[in-house]
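**Q** The following block contains the structure, expressed as structure tokens.
Values in this text are rule-based calculations from the coordinates and carry no lab data. Everything numeric in this text was worked out from a predicted model, so none of it was measured. All Cβ positions, glycine included, derive from the backbone under ideal geometry; neighbour counts span all protein chains shown.
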Amino acid sequence: MNAMTMQKPLDLLLAGKTQWDKWRRTYSDVQASEPDLHEADLHGADLRGADLHEADLTAANLQGADLREADLRSADLRQTNLRDANLSDANLSRARLRGADIRGAILYRANLTEADLSRADLRGANLQGSILTKAILEKANTTGIDLSKIDEIDAGQKPGT
């Protein structure tokens with residue numbers, strides 16, 4: 001077993017995108033396919049284009065992180081701090097964002113198809129051009145968001161209901 005196999009997911013992610021992506025491709029076992037990053041402190045981290053699909057990021061601190069073009073498909077982001085993070089062009093389809101703090105985040109052209117945003121705090125977030133088809137917005141706080149600038153939103157998934 002080499003050193004990369006034994007490293008913790010957080011250490012690999014902080015080592016850089018190249019190391020992280022190599023680990024995810026090479027060691028596609030459960031640890032690499034569903035990495036445990038819950039409660040990780042990644043505030044201000046440069047995670048642009050990172051492959052974080054199906055990662056457990058519950059209660060992680062991603063405040064101010066650069067997550068542009070990141071793959072967060074089916075990621076678990078419940079109770080995560082995404083305040084002021086840049087998620088432009090990120091793929092958050094089927095992501096679990098229940099109770100997440102997304103205040104002031106940039107979600108420009110983000111794919112939030114079937115994402116669970118129930119009870120999320122989206123105050124002041126930029127959702128311009130984002131896709132929210134079949135997204136769950138039950139009891140989400142969308143104060144200060146211009147919903148007319150969202151590309152797709154289902155009428156049956158109104159926020160605050």
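**Q** Which one, 91, 81, 141, has the greatest fluctuation when you compute a Gaussian network model over the chain with C-alpha springs under 10 angstrom?
**A** Between 91, 81, 141, it is 141 that shows the largest mean-square fluctuation.
**Q** Highest GNM mean-square fluctuation, the chain, Cα pairs closer than 10 Å: which of 19, 63, 79?
**A** Of 19, 63, 79, the Gaussian network model singles out 19 as fluctuating most.
**Q** Another question, if that's okay. Taking the Cα centre of the chain as origin, sum charge times position over the Cβ atoms of Lys and Arg (+1) and Asp and Glu (-1), and report the length of that vector in debye to the nearest 20.
**A** Its charge dipole is roughly 260 debye.
**Q** State the extension gain, in nm to one decimal, for the chain segment bounded by residue 38 and residue 134, taking 0.36 nm per residue of separation less the distance between their alpha-carbons.
**A** Contour length minus Cα-Cα distance gives 32.0 nm.
**Q** Testing the spin-label approximation: label points 7 Å from Cα along Cα→Cβ at residue 54 and residue 27. State their distance in nm.
**A** In this crude label model, residue 54 to residue 27 measures out at 1.6 nm.
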